[in-house]
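Student: My questions all concern the structure below.
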Amino acid sequence: NGSHNPIFGNTKNCRNPELSPAGSSSGSASLIGAGGSLFGTGSDFGGSLRAPAHFCGISSIKPTIGRLSDKGLQTCVPSIGLPSVPGILA
């Protein structure tokens, strides 16, 4: 399970194209793992940062409510009880 876009198709794992980079932040994780960026940001609800970081050989902190500021962030999906929290990949 990973990311898909209509122009480039499925996101590939930067270490093994036969495997998925996993999660909704897989594009950022794969880009960072391939050396295309130093860090990225995203949001985590149930592993959306941590799983792609693990599968792409990079690092992420376990996001916790209040650890990083969410000031100025907008969401496209209203909270369903458990809020998504901002986090980083590097």
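Student: Kindly provide the set of residues from the range 2-44 that are open to solvent by 60 Å² or more (accessible area, probe 1.4 Å) and in contact with a strand residue (DSSP E or B) (Cβ under 8 Å, 6 or more places away or on another chain), ordered by number.
Tutor: Answer for the range 2-44, where residues must be open to solvent by 60 Å² or more (accessible area, probe 1.4 Å) and in contact with a strand residue (DSSP E or B) (Cβ under 8 Å, 6 or more places away or on another chain): 4, 10, 24, 31, 39, 41.
Student: When the range 1-36 is examined, which residues are found to be within 10 Å of residue 89 (Cα to Cα) and without any contact (Cβ under 8 Å) to a residue 60 or more places away in the chain?
Tutor: Matches in the range 1-36: 32, 33.
Student: Just give me the residues in the range 71-90 being among the small types (Gly, Ala, Ser) and either more than 16 Å from the chain's Cα centre (by Cα) or at pLDDT below 75 (or both), in sequence order.
Tutor: 72, 79, 81
The values are calculated or read from the model by the stated rules, or taken from the named source; none is laboratory data. A quick note: this is a predicted structure, and the numbers were derived from the prediction, not measured. Using ideal geometry, Cβ is built from the backbone for each residue, glycine included, and neighbour counts are taken over all protein chains shown. All accessible areas refer to the heavy atoms of the entire protein, side chains included, with ligands and DNA or RNA removed. Shrake-Rupley method; radii C 1.70, N 1.55, O 1.52, S 1.80 Å.
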